[in-house]
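Below: one structure, written as structure tokens.
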Amino acid sequence: MRLAVQPAAMNGSWKLGRLFGIDIFVHATFVLLLGWIAVSAYLREHTAQAVLGGVLFIMAIFGTVVLHELGHSLMARRFGIRTRDITLLPIGGVARLERMPEKPGEELLVALAGPLVNVVIALALFAVLSATGQAIMLVDPSSTESSPIAVRLFWVNVSLAIFNLIPAFPMDGGRALRAVLALGSDYIRATRVAAKLGRGIAVVLGLVGLLYNPMLVLVALFVWTGAGAEAAGVETKASLHGLPTYTAMETQFASLHAHDTLHTAAHKLLGGAQVDFPVVDPNGTVVGLLTRHALIAGLAQKGPDGSVESTMERQFPVAHPAEMLEVALARLTESSSKSMPVVADGRLVGMLTADNIAEFLMVRDAIGAGRRRHALHFAA
């Protein structure tokens with residue numbers, strides 16, 4: 001169960017519905033999980049009842065996952081943060097927020113809201129089971145006949161609450177830890193500490209997994225990569241703070257006109273490193289964006305004589321050269337585009353990509369390192 005700011009809804013996902021104004025998706029691999037559970041249940045107990053019970057139990061678990069992610073989403077909404085969608089995966093759920101809370105107190109509440117939902121569900125099930133006189137003993141959740149589904153769901157929610165409170169990114173506990181540390185420290189320093197702790201926990205989980213449970217090795221890899229990604233994202237955002245977009249935008253680029261053919265676009269694609277092309281009208285106003293993916297699809301469907309206008313994307317993000325680079329990057333990351341036109345006074349003045357920004361940071365860091373070495377040389 002994760003909070004994430006992702007570029008777009010995951011490919012291969014199907015929309016299940018909409019709750020509280022939030023689209024709920026399920027990834028195609030979830031169907032494979034249901035199939036695996038059904039086959040496993042049949043091979044274990046050889047009854048249709050076992051198959052049905054196994055599938056229903058997994059669906060009930062993912063129902064609690066949806067509620068968990070809604071807990072994050074609705075708490076984030078209280079602070080003016082919109083949730084774009086929630087996607088169910090075989091490994092859990094992902095709530096795609098438009099941005100992360102910046103105030104430590106807000107991040108703490110958003111991070112804890114998900115596990116709190118699991119605690120509430122567990123308490124409700126405990127109350128029902130106690131009222132009906134059913135024993136609440138530790139059970140094997142994989143068995144469909146060992147205990148009632150309510151008992152197994154109780155332990156599932158207890159496990160989810162504990163697991164998600166592990167103080168390591170990208171778990172909820174990692175974000176909660178970072179928020180607590182940031183209350184009395186710098187946000188970047190708090191992220192570094194939380195990421196280091198998370199990677200330490202990943203090492204321990206990996207070693208335990210090698211000895212006892214291979215599944216823990218996968219969890220360890222998940223935690224290790226999540227901690228690194230979170231730390232890198234915060235470091236990048238800090239590096240861009242206070243810089244205008246024009247410092248990193250590309251000023252040497254090719255553009256297309258709406259009446260150009262896809263053959264012309266393909267020629268420009270093959271003639272250089274640029275993969276996405278802004279489309280302008282005779283006045284120089286940006287009217288579209290032709291991505292490499294759209295170009296290839298257009299060539300396959302319409303041939304080289306097809307027009308750029310019929311293939312280009314009409315909904316795309318734009319930036320202003322004077323706006324903060326970190327804001328522009330966030331907008332680019334949240335979109336499905338890899339490139340973003342930079343427009344001033346209605347005219348195209350540049351293109352911005354994540355690669356441009358990465359190269360800008362590398363050059364700036366190299367220049368800074370060179371200056372520091374020269375300063376030390378003269379000081380000596």
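Rule-based calculations on the coordinates, nothing more; no lab input. Small disclaimer: the values here were computed from a predicted structure and weren't measured. Here Cβ is always computed from backbone atoms with ideal geometry, including for glycine, and neighbour counts include all displayed protein chains.
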Worksheet, complete the sentence: the chain, Gaussian network, Cα under 10 Å: of Ala273, Ala50, Ala265, the residue fluctuating most is Ala273
Worksheet item: Taking the alpha-carbon centroid of each part, what is the distance from region 154-202 to region 218-259 in angstrom?
Response: 23
Worksheet item: Taking 0.36 nm per residue of separation and subtracting the Cα-Cα distance, what length does fully extending Leu211 through Gln315 add?
Response: 32.3 nm
Item to complete: Given the options Ala231, Ala330, Ala358, state which has the largest fluctuation in a GNM of the chain using a 10 Å cut-off (strictly under) for Cα springs.
Response: Ala358
Discussion item. Quick one: the Cα spread of region 223-306 along its three principal axes, in angstroms, biggest first?
Written reply: 48, 33, 21
Discussion item. Can you give me the Rg/Rh ratio for region 176-290, using Cα atoms for both radii and the Kirkwood formula for Rh?
Written reply: 1.25
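Would you mind telling me the antiparallel percentage of the DSSP bridges in the chain, rounded to 5?
Values: 26 of 36 bridges.
Of the beta bridges lying entirely in the chain, close to 70 percent run antiparallel.
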Worksheet, complete the sentence: Listed with the fewest Cβ neighbours within 10 Å leading, Val39, Val117, Val110, Val26 appear as Val39, Val26, Val117, Val110
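Counting other beta carbons within 10 Å of each Cβ, put Ile37, Ile367, Ile149 in order, fewest first. Intermediate values should be presented prior to the final figure.
Numbers: Ile37 20, Ile367 10, Ile149 15.
Ordered by Cβ neighbours within 10 Å, fewest first: Ile367, Ile149, Ile37.
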Fill in: Surface/4 of the Cα convex hull for the chain, nm²
26.4
Worksheet item: So for region 168-240, what percent of the C-alpha to C-alpha distances run longer than 14 Å?
Response: 57
Practice prompt. Mind listing the long-range amide H neighbours of Ala319? Cut-off is under 5 Å, sequence gap 5 or more, other chains count too, H placed in the peptide plane at 1.01 Å from N.
Written response: Val342, Val343
Worksheet item: At what distance in nm do the modelled label points of Thr236 and Ala150 sit from each other, each positioned 7 Å from its Cα along Cα→Cβ?
Response: 4.8
Discussion item. Quick check for you: which residues of region 270-284 have the amide N under 19 Å from the point 7 Å beyond the Cα of Arg292 toward its beta carbon?
Written reply: 270-279
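For every helix of n ≥ 4 consecutive DSSP H residues, a contribution of -39,500 (n - 2.57) applies; sum these over the chain, divide by its total residues, and give [θ] at 222 nm rounded to the nearest 500 deg cm²/dmol.
Details: 12 runs with 216 residues, N = 380.
Helices in the chain give a 222 nm mean residue ellipticity of -19000 deg cm²/dmol.
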Worksheet item: Against the longest principal axis of the chain, how steep is helix 292-302, in degrees 0 to 90 to the nearest 10, with axes from Cα atoms?
Response: 90
Fill in: Within a Gaussian network of the chain (alpha carbon springs, distance under 10 Å), most fluctuating of Arg82, Arg347, Arg175
Arg347
Worksheet item: Taking a 25 Å limit on the Cα-Cα distance, which of the listed pairs Lys237/Lys268; Lys103/Lys237; Lys196/Lys237; Lys15/Lys237; Lys268/Lys338 fall beyond it?
Response: Lys237/Lys268; Lys15/Lys237
Response to the item:
Within region 26-128, DSSP-loop GluC sites (Glu not before Pro) with at most 15 other C-beta atoms within 10 Å are Glu98, Glu102
Fill in: Value of relative contact order over the chain, rounded to a whole percent, pairs C-alpha under 8 Å and six or more apart
12
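Which of Arg314, Arg77 comes first, and how do the rest follow, when ranked by fewest Cβ neighbours within 10 Å? Don't jump to the answer; show the numbers that get you there.
Values: Arg314 9, Arg77 17.
So the residues, fewest neighbours to most, are Arg314, Arg77.
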Discussion item. Treating region 245-359 as a set of equal point scatterers at the Cα positions, no solvent, please give the Debye-formula log₁₀ I(q)/I(0) at q = 0.11, 0.22 Å⁻¹.
Written reply: -0.32, -1.21
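Remind me, relative contact order of region 168-240 in percent, using alpha carbon pairs under 8 angstrom and six or more residues apart? Don't jump to the answer; show the numbers that get you there.
On the way: 84 pairs, mean separation 25.9, N = 73.
Relative contact order of region 168-240: 35 percent.
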